[in-house]
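The structure appears right after this line, and notes come after that.
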Amino acid sequence: MTRPLPSEEPGETRGAVPAGGAGAHRGEPEAAPPRDKGADRAAVRAFRPQRRVPAIVVAVLLTLLGLLVAAETVSALAGSPLRWLPYDRMLAWAATTPWSDPLVLTGAAIVALAGLALLVTALVPGRPRMVPVRTGDPDLIIGVRPKSFTRALEHAAEEVPGVRSAHASLRGHTVAVTPATSGWDDEGFGRAVREAVLTRLAGLDPVEPYRVAVNVKERR
């Protein structure tokens, strides 16, 4: 049986949980380095996926298309066109086909969707390879592996009296913590787990804010 506790909105903390059990952290423990927006942006950019595979695919396709056009142009200027592309038939078809033709509309839709997909891939940030932590120095960039990050939070939850085990996972900017116990004191137990996780988050001091969602699981 589980009793989920709602995740809280992001809030400021300096190594302790704010009044009311706020469940998110923007990281600034007592001994934390001073905040530097430039350093934070540098850390986030350093571990952002670089979309190498889509970029390579697009570059290869554009290169092949450019070589094909160049070869057809040079061979036509030399008086012996290669005609790898049936551009005479293509030109005749384009000249006699109205814009409302289903084939024209379908081709335009496919090209537009492909371009939109590439644009979204380039603009929407992917899942980072590391969790950047604050250093206060743009030349000193430190990241923690997501698995190590969640393991540290699991250990923090397991230090709460009554917790037999805990599992933590990252879901975007939310840390989902599932502590297992043989019994708990209603919401007070979940609050204690959240406070322990927030305290560990304050020590890790990640650059980006994280909400904490606690879902208590009872083991009989």
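The residue that is nearest to Ala46 (Cα to Cα), counting only those in the stretch 177-209 that are of a type in the set (A, V, I, L, M, F, W, C) and open to solvent by 10 Å² or more (accessible area, probe 1.4 Å), is Val207. Would you be able to say whether some residue in the stretch 133-142 is buried (at least 17 other Cβ atoms within 10 Å of the Cβ), not β-branched (Val, Ile, Thr) and not in a loop (DSSP other than H, G, I, E, B)? Within the stretch 133-142, none of the residues are buried (at least 17 other Cβ atoms within 10 Å of the Cβ), not β-branched (Val, Ile, Thr) and not in a loop (DSSP other than H, G, I, E, B).
Among the residues of the stretch 44-76, those identified as under 22 Å from Ala114 (Cα atoms), among the aliphatic types (A, V, I, L, M) and without any contact (Cβ under 8 Å) to a residue 12 or more places away in the chain are Val53, Ala55, Ile56, Val57, Ala59, Val60, Leu61, Leu62, Leu64, Leu65, Leu67, Val69.
Does Gly126 satisfy being open to solvent by less than 60 Å² (accessible area, probe 1.4 Å), modelled with pLDDT under 80 and under 22 Å from Gln50 (Cβ atoms)? So Gly126 fits the description; yes.
Condition check ((1) within 17 Å of the chain's Cα centre (by Cα); (2) within 22 Å of Asp40 (Cβ to Cβ); (3) at pLDDT 80 or above) across all residues:
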{"position": "Ser100", "(1), (2), (3)": "no, no, yes"}
{"position": "Leu105", "(1), (2), (3)": "no, no, yes"}
{"position": "Leu113", "(1), (2), (3)": "no, no, yes"}
{"position": "Val120", "(1), (2), (3)": "yes, no, yes"}
{"position": "Met130", "(1), (2), (3)": "yes, yes, yes"}
{"position": "Arg134", "(1), (2), (3)": "no, yes, yes"}
{"position": "Leu140", "(1), (2), (3)": "no, yes, yes"}
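The lone criterion from (1) out of contact with any His (no Cβ under 8 Å at 6 or more places or on another chain); (2) of a type in the set (D, E, K, R); (3) within 25 Å of Thr178 (Cβ to Cβ) left unmet by Asp137 is number (3).
The values are calculated or read from the model by the stated rules, or taken from the named source; none is laboratory data. Quick caveat, the model's predicted, so the values are computed rather than measured. Note: ideal-geometry Cβ built from the backbone for every residue, glycine included; neighbour counts use all protein chains shown. Surface accessibility is based on the protein's heavy atoms, side chains included, excluding ligands, DNA and RNA. Shrake-Rupley method; radii C 1.70, N 1.55, O 1.52, S 1.80 Å.
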